[in-house]
1. Taking the range 92-104, which residues are under 19 Å from residue 39 (Cβ atoms) and surrounded by fewer than 13 Cβ atoms within 10 Å (Cβ to Cβ)?
2. Can you name the residue in the range 1-49 that is acidic (Asp, Glu) and farther than 21 Å from residue 201 by Cβ and, of all such residues, is nearest to the chain's Cα centre (by Cα)?
3. When only residues in the range 105-124 that are small (Gly, Ala, Ser) and open to solvent by less than 20 Å² (accessible area, probe 1.4 Å) count, which is nearest to residue 34 (Cα to Cα)?
4. If the Cβ limit is 7 Å and pairs must be 6+ apart or interchain, which residue in the range 70-82 that is of a type in the set (Phe, Trp, Tyr) pairs with which residue that is at pLDDT below 80?
5. Which of the helices (runs of 4 or more DSSP H) found entirely inside the range 125-203 contain at least 3 residues meeting this: aliphatic (A, V, I, L, M) and open to solvent by 30 Å² or more (accessible area, probe 1.4 Å)?
6. Within the range 46-60, restricting attention to residues that are over 19 Å from residue 24 (Cβ atoms) and not in a helix (DSSP H, G or I), which residue is least open to solvent (accessible area, probe 1.4 Å)?
7. Applying the selection to the range 107-124, what residues are within 16 Å of residue 78 (Cα to Cα) and in a loop (DSSP other than H, G, I, E, B)?
Amino acid sequence: MRANVYFTREITPEKVVELYRALGVELPGKVAVKVHSGEKGNQNFLRPEFWCPMVEEVHGTIVECNTAYGDAAGGVRDHTESHRKLLQEHGWTKYFDVDLMDAEGPDVVWPIPNGKVLKENHVGKHILHYDSMLVLAHFKGHPMGGYGGALKQLSIGVASSYGKAYIHGAGVPENIWTADHDSFLESMADAAGSVVNYFHGNM
């Protein structure tokens, strides 16, 4: 079955809400809103001010997870304390409740019985606090993923710090930067599928 795709040339916060309403769905219960909150020094992310009307529409909580890389790769989101500071610097905590889902362990481990590469997915344990998820993705070129968007948000974005290394390494975290490229892409699909299954369509 083909999905309906809604398109607009008008990129405004109000138009995002209008497109959401056009879907004719209502996300039940407590809603996690997955965004890319932005790397330190990187301006290529959609600002929290832009998302205010949409997050308010679903009464959502912004969710993120720590990364699997640190200063050597130019990031500070690999540790909870520095990640929370960056979330504040980028304005997310000014407008929203923000949940760093893997701020404390242990991770939630979901089995992926039919995974092509991965047989389990390691996600931030706070994901269990939510009944629905809204994914707000921007699209960008990505050195390993090829094209970053909703699939990356549902796999790498929801994975814990360990889970990110696990996906990048195609099930072998130690191979985070050296795994076979196709296996990495297939691992992202496996991981994303486990998140979709968890929310039973409330996404």
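The values are calculated or read from the model by the stated rules, or taken from the named source; none is laboratory data. Treat the numbers as computed from the prediction; the structure is a model and nothing was measured. When we count neighbours, we look across all protein chains shown, and the Cβ atoms used for this are built from the backbone with ideal geometry, even at glycine. The accessibility values were calculated without ligands, DNA or RNA, using every heavy atom of the protein model including side chains. Shrake-Rupley method; radii C 1.70, N 1.55, O 1.52, S 1.80 Å.
1. 94
2. We begin by selecting, within the range 1-49, every residue acidic (Asp, Glu); these are 10, 14, 18, 26, 39, 49.
Add one more test, that the residue is farther than 21 Å from residue 201 by Cβ, and what stays is 10, 14, 18, 39, 49.
Values: 10: 25, 14: 23, 18: 23, 39: 14, 49: 19 Å.
Ranking the qualifying residues of the range 1-49, first place goes to 39.
3. Quick first cut of the range 105-124, residues small (Gly, Ala, Ser) only: 105, 115, 124.
Now narrow it down to the ones that are open to solvent by less than 20 Å² (accessible area, probe 1.4 Å): 115, 124.
On the way: 115: 23, 124: 13 Å.
Applying the filter and picking the extreme gives 124.
4. none
5. Numbers: elements: 150-155, 161-168, 181-199.
Those helices (runs of 4 or more DSSP H) span 181-199.
6. 46
7. Step one: of the range 107-124, the residues within 16 Å of residue 78 (Cα to Cα) are 107, 122-124.
Hits for the range 107-124 are 107, 124.
Conditions tested, residue by residue: (1) without any contact (Cβ under 8 Å) to a residue 60 or more places away in the chain; (2) over 15 Å from residue 194 (Cα atoms).
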| site | (1), (2) |
| --- | --- |
| 84 | yes, yes |
| 87 | yes, yes |
| 90 | yes, yes |
| 93 | yes, yes |
| 108 | yes, no |
| 113 | yes, no |
| 125 | yes, no |
| 131 | no, no |
